[in-house]
Amino acid sequence: MTGWLGRGDVRFFDRVARLYDVAMPPSRTDWATEAFAFAERPVERVLDLAGGTGRVAAALAPEYDPVVADVSTGMLDRARARGLPAVRADAGRLPLSDDAVDAVVVVDAYHHLPDREAAVREAARVVAPGGVVAIRDFDPTTLPGRAIAAGESLFGMDSRFVAVDAAAQDLTRAGLQSRVLDRGTVYTVVGRVPTE
């Protein structure tokens, strides 16, 4: 499953899965309200792509029907322990039918996808017309973003961070109508799947 994460990334996440949620702050989802408002259809079914232990999916669960997709078995075991539906999947070859969900979110993980073009194309395929693909990640043009990138490199990860405008362009190239929702160390971009 080379289209998902760099080999060093998968090994790292398999090793730290049991401690990941202890080390990470609780997931916020305030950005999701604005991202999902960009949709031209009701958002109920949400795919948390590269969702790891399901931190984001769990935060969305009270209001939405999420499923976690990741390639790290250790991380998915933790997501399932939370009671979340989870599937081991390569982002470039998702085992979902066309139009299967209303939204896809990629949170704090876009930089781990070595073939972002294939991942965005697949995300757009599984989102029903009028639904959205939202990316929330660290901007390497900021000082904290550069520090995070350097830290991941020290851990042997194959991370490749992209700035906010480049992420929005990735969505546009996949045929989505994209919009930058916020900028800063952490940014959010969203793309809407055409209805026709």
- prompt: If you place +1 on the Cβ of every Lys and Arg, -1 on the Cβ of every Asp and Glu, and leave all else neutral, what size is the dipole of the chain about its Cα centre, to the nearest 20 Debye?
  reply: 460 debye
query: Sorted by packing (mean other beta-carbon atoms within 10 Å per residue), highest first, where do 119-128, 61-70, 92-101 land?
result: 119-128, 61-70, 92-101
field: Cβ crowding within 10 Å averaged over residues, with 182-192, 132-142 ranked highest first
entry: 132-142, 182-192
- prompt: Based on the Cα atoms of the chain, what semi-axes does the equivalent ellipsoid have, where each is the square root of 5 times one gyration tensor eigenvalue, given in whole Å with the largest first?
  reply: 23, 19, 16
task: In whole Å, largest first, what are the principal axis extents of the Cα atoms in the stretch 28-90?
output: 34, 22, 15
- prompt: Which residues' amide hydrogens lie under 5 Å from the amide hydrogen of D182, considering only partners 5 or more residues apart or on another chain, with H built in the peptide plane?
  reply: T188
- request: Would you list the P(r) distribution for the stretch 76-132, with all Cα-Cα distances sorted into 5 Å bins from 0 and each bin expressed as a whole %?
  value: 5, 18, 23, 27, 20, 7, 1
- prompt: Just for the Cα atoms in the stretch 67-172, what are the lengths along the principal axes, largest first, rounded to whole Å?
  reply: 39, 34, 20
message: Restricting to bridges with both residues inside the chain, how much of the DSSP beta-bridge set is antiparallel, in percent to the nearest 5?
response: 45 percent
message: Could you derive backbone 3J(HN,Hα) for the stretch 101-118 from the dihedral phi with the Karplus parameters 6.51, -1.76 and 1.60 (θ = phi - 60°), listing whole Hz in sequence and x where the residue is Gly or Pro?
response: 10, 8, 7, 10, 10, 10, 10, 6, 9, 4, 5, 8, 8, x, 10, 5, 4, 5
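Just so you know, all these numbers are worked out from the coordinates, no wet-lab data involved. All values derive from a computational prediction rather than experimental measurement. Note that we place each Cβ from the backbone using ideal geometry, even for glycine, and neighbour counts take in every protein chain shown.
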